Amino acid sequence: GTTSRKSLDIADQIAFLGINLSPTSSWESSTLSLHTPTAQLDSALALFADVALHPSFPANEFERVRKNRQTELLQLRDQGPAIANIAFPAIIYGSAHPYGLPLIGTEGSVKSLMTADLQSYYQTNFRPNNATLIVVGDVNPAQVEQKINALFGNWERGDVPQLNYSEPPKSGTTTIYLIDKPGAAQSSFRIGSVGVPRSTRDYFALTVMNTILGGSFSSRLNQNLREVRGYTYGAGSRFDMRRAAGPFTASAEIVSAKTDSALLEFMKELNGIRQSVPPDELSRAKRYLQLQLPANFETTQQIAAALVPVALYGLPLDYYNNYVQNIERVTQADVARVAQQYI
């Protein structure tokens, strides 16, 4: 809701204009996305600006969303993969670090929230000097800037507190944590540690290395655990790179009877990637990353989404211009070095 529109009014106008208007929150940012036909741009931008600048957080809507979230949290208690997803970061980061808590909150944190908390957070963080606007489409830059200035020109700047992340705990010896889930038909594997921030100089080497290990359908983990062994519908790994060091996670849902066998295969692949990678496997991983790039820029929505990390993490504006060349520069020695350092 806004100060002049109820949530149902907003929904009606979205349907009438044939647009999409959606807010999302992630680890590092809150995003309000608008997708509109150019013919409806003026009306759509007016609605976009109203939602961005004049939220009202009505008590009845807040309570509805809070109850939905509480129900969702209760449902997650009975889902093995969800239990694993919550437990894994809590173990490697601890509860004192923000990355150790689930993105959707906890039963305690959701219960304690009040509308005043939302209003305070909005007033503190939603400022023009803490925001980036990305516009992609068949539009004239000068005209768009004029329209935006008319709608957002009075948005007041303000002091935004700096986020400071505490150092996550150092990794110790390899430890296995068992969470008992009676009657579960499968075991949820989460293997890993604290990884790297998005600012790492090893980004491209890690991207190539992880593509080989678990970042594609033809990766070692998936080929072994799914195609050869038949233990799972899919196994993979990823580096979740954020402002601070996000987690490295190798994961799969494994048929319960093969839990012990799967662990051995996981560890075999995690140790194996630390050895020299054959040239043909390295070349395939590079081609996979390079040739899929154009498909990420087919629509205006995809282009806008691709530019979000450029703004969020301060990437160079020619990041995508040089992406293919930077992937190509990764060598066997680079892959071995980052695997030995981070896996």
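Would it be correct to say that Ser283 is among the hydroxyl-bearing types (Ser, Thr, Tyr) and within 30 Å of Pro182 (Cβ to Cβ)?
Judged against the criteria, Ser283 is not a match.
Within the stretch 31-56, can you find the residues that are surrounded by 14 or more Cβ atoms within 10 Å (Cβ to Cβ) and not in a helix (DSSP H, G or I)?
Thr31, Leu32, Ser33, Leu34, His35, Thr36, Pro55, Ser56
Taking the condition closer than 16 Å to Ala339 by Cα and either without any contact (Cβ under 8 Å) to a residue 24 or more places away in the chain or not acidic (Asp, Glu) (or both), does Val194 pass?
Answer is yes for this residue.
Given the options Ser187, Ser199, name the one that is among the hydroxyl-bearing types (Ser, Thr, Tyr), over 30 Å from Ala44 (Cα atoms) and loosely packed, with under 15 Cβ neighbours inside 10 Å.
Going through Ser187, Ser199 in turn, the sole match is Ser199.
What pairs can you find where one residue is in the stretch 245-270 and without any contact (Cβ under 8 Å) to a residue 60 or more places away in the chain, the other is in a helix (DSSP H, G or I), and their Cβ atoms are less than 8 Å apart, with a gap of 6+ or different chains?
Every condition considered, the pairs that remain are Glu265/Asn224; Glu265/Leu225; Lys268/Asn224; Glu269/Leu213; Glu269/Arg220; Glu269/Leu221; Glu269/Asn224.
Working carefully through the options Ala336, Ala306, find the one that is under 24 Å from Thr249 (Cβ atoms), open to solvent by less than 60 Å² (accessible area, probe 1.4 Å) and more than 24 Å from the chain's Cα centre (by Cα).
Exactly one residue qualifies, and that residue is Ala336.
How many residues are in contact with a Phe, Trp or Tyr (Cβ under 8 Å, 6 or more places away or on another chain) and hydroxyl-bearing (Ser, Thr, Tyr) when one looks only at the stretch 226-252?
Count: 3.
Could you list all residues from the stretch 1-30 that are farther than 21 Å from Gly153 by Cβ, touching a His at 6+ places or on another chain (Cβ under 7 Å) and open to solvent by 50 Å² or more (accessible area, probe 1.4 Å)?
The answer is Asn20, and nothing else.
Kindly indicate whether Leu118 is at pLDDT 95 or above, surrounded by 13 or more Cβ atoms within 10 Å (Cβ to Cβ) and not aromatic (Phe, Trp, Tyr).
For Leu118, the condition - at pLDDT 95 or above, surrounded by 13 or more Cβ atoms within 10 Å (Cβ to Cβ) and not aromatic (Phe, Trp, Tyr) - is met.
When you go through (1) under 26 Å from Thr31 (Cα atoms); (2) open to solvent by 50 Å² or more (accessible area, probe 1.4 Å); (3) at pLDDT below 95 one by one for Ile86, which number turns out not to apply?
(3)
Those residues that are more than 30 Å from Gln162 (Cβ to Cβ), touching a residue at least 40 places away in the same chain (Cβ under 8 Å), in contact with a helix residue (DSSP H, G or I) (Cβ under 9 Å, 6 or more places away or on another chain) and polar (S, T, N, Q), I need them from the stretch 1-54; list them, please.
Ser4, Ser7
Of all residues in the stretch 101-117, which are under 24 Å from Phe88 (Cβ atoms) and among the acidic types (Asp, Glu)?
Result: Glu107, single match.
Cβ-Cβ below 8 Å, separation at least six or inter-chain, first residue in the stretch 121-150 and in contact (Cβ under 8 Å) with a residue 12 or more places away in the chain and of a type in the set (Lys, Arg), second surrounded by 13 or more Cβ atoms within 10 Å (Cβ to Cβ) and assigned to a loop (DSSP other than H, G, I, E, B): which pairs?
Listed by first residue and then by second, the contacts come to Arg127/Trp155; Arg127/Gly158; Arg127/Val160.
Report, by residue number, each residue of the stretch 215-234 that is in contact (Cβ under 8 Å) with a residue 24 or more places away in the chain and open to solvent by less than 10 Å² (accessible area, probe 1.4 Å).
Residues satisfying the conditions are Leu221, Leu225.
Taking the condition of being touching a helix residue (DSSP H, G or I) at 6+ places or on another chain (Cβ under 6 Å) and hydrophobic (A, V, I, L, M, F, W, C), how many residues in the stretch 105-132 meet it?
The number of residues fulfilling the criteria is 1.
Do we find a residue being open to solvent by 60 Å² or more (accessible area, probe 1.4 Å), in contact (Cβ under 8 Å) with a residue 12 or more places away in the chain and under 22 Å from the mean Cα position of the chain (by Cα) anywhere in the stretch 57-78?
Looking for residues that are open to solvent by 60 Å² or more (accessible area, probe 1.4 Å), in contact (Cβ under 8 Å) with a residue 12 or more places away in the chain and under 22 Å from the mean Cα position of the chain (by Cα), one finds at least one in the stretch 57-78, hence yes.
The values are calculated or read from the model by the stated rules, or taken from the named source; none is laboratory data. Note that this is a predicted model, so its numbers are computed, not measured. Cβ sites come from the backbone with ideal geometry, for glycine too, and all protein chains shown count toward neighbours. What goes into the accessible areas is simple: the full protein's heavy atoms, side chains included, and nothing from ligands, DNA or RNA. Shrake-Rupley method; radii C 1.70, N 1.55, O 1.52, S 1.80 Å.
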